[in-house]
Amino acid sequence: MTLPPVIWERSFEIPTKPKAWARVGLKNGVSFEPKEQREHKATLIALAAPHAPPVPHDGPVSFALTFRLPIATSWPKWQQEAAETGLIVPTGVPDFDNLSKMIFDGLKRSGRWFTDDARVIGFHAPSFKLHHRAPGTLVDVRFYREPTAAEWKARKALGSGFAFTSGGAT
């Protein structure tokens, strides 16, 4: 499988306990986002802001995410140690997909990362939820550049002698 060239990549940490996206509620016929979710999203946006690109991206985006969930202090010592080494992993709630959705939705809503979370094409590296003594989320995001019509036609005309790069045709 071939992907378009990467034109921008950033890795950063959101050093706060990961929270899952929750379905928007309905009260008296009006939809609303739970207060805790709004507050977490605002925190996520603020912590990600220093790492944002100069302009929002309107092309393909991919992620690698590692969600570090707290280790239960009520667990026996052996279980805490096994979780810390990665031999016990969080298989319950929060769901990985809802944790990911919170990141995607928060970055999109900030207006600084990408124009639509439909631009997310997948994960470019293994992504996990793990137990950790320091809860947080490790985020790696990549932006890709798709060819223009002229670049595609040049590639077809030149065959293997054409290299499509992040800067355009070479």
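The values are calculated or read from the model by the stated rules, or taken from the named source; none is laboratory data. It should be emphasised that the depicted structure is a prediction, and the values quoted were computed from it without experimental measurement. Virtual Cβ from ideal backbone geometry, glycine too; neighbours counted across all protein chains shown. Accessible surface areas use protein heavy atoms only, side chains included; no ligands, DNA or RNA. Shrake-Rupley method; radii C 1.70, N 1.55, O 1.52, S 1.80 Å.
The numbered conditions (1) within 24 Å of GLN37 (Cβ to Cβ); (2) among the acidic types (Asp, Glu); (3) modelled with pLDDT of 95 or more are all true for GLU81 except (1).
The residue of region 56-66 that is surrounded by the fewest Cβ atoms within 10 Å (Cβ to Cβ), among those that are out of contact with any Pro (no Cβ under 8 Å at 6 or more places or on another chain) and not small (Gly, Ala, Ser), is ASP58.
Rundown of residues vs (1) more than 22 Å from GLU9 (Cα to Cα); (2) touching a residue at least 24 places away in the same chain (Cβ under 8 Å); (3) open to solvent by less than 40 Å² (accessible area, probe 1.4 Å); (4) under 16 Å from the mean Cα position of the chain (by Cα), yes/no style:
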{"residue": "THR91", "(1), (2), (3), (4)": "yes, no, no, no"}
{"residue": "PHE114", "(1), (2), (3), (4)": "no, yes, yes, yes"}
{"residue": "GLY136", "(1), (2), (3), (4)": "no, yes, yes, yes"}
{"residue": "PRO147", "(1), (2), (3), (4)": "no, yes, no, no"}
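Residues are listed down the side, and each one gets a yes or a no for (1) in a loop (DSSP other than H, G, I, E, B); (2) modelled with pLDDT of 95 or more:
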position	(1), (2)
ALA134	yes, yes
LEU138	no, yes
VAL141	no, yes
ALA154	no, no
ALA157	no, no
SER160	no, no
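Are any residues in region 85-96 over 25 Å from GLU36 (Cα atoms) and assigned to a loop (DSSP other than H, G, I, E, B), and if so, which ones? Those that are over 25 Å from GLU36 (Cα atoms) and assigned to a loop (DSSP other than H, G, I, E, B): GLY86, LEU87, ILE88, VAL89. Between LEU99, LEU69, LEU44, LEU107, the distinction of being out of contact with any Asp or Glu (no Cβ under 7 Å at 6 or more places or on another chain), part of a strand (DSSP E or B), open to solvent by less than 40 Å² (accessible area, probe 1.4 Å) and aliphatic (A, V, I, L, M) belongs to LEU69 only.
For region 116-129, the set of residues classified as assigned to a strand (DSSP E or B), open to solvent by less than 60 Å² (accessible area, probe 1.4 Å) and farther than 16 Å from LEU3 by Cβ consists of LYS129 only. Of the residues in region 1-32, how many are under 25 Å from LEU138 (Cα atoms) and either of a type outside the set (Phe, Trp, Tyr) or loosely packed, with under 14 Cβ neighbours inside 10 Å (or both)? Residues meeting the conditions: 18.
For PRO53, the conditions (1) surrounded by 12 or more Cβ atoms within 10 Å (Cβ to Cβ); (2) over 16 Å from the mean Cα position of the chain (by Cα); (3) in a loop (DSSP other than H, G, I, E, B) are fulfilled apart from (2).
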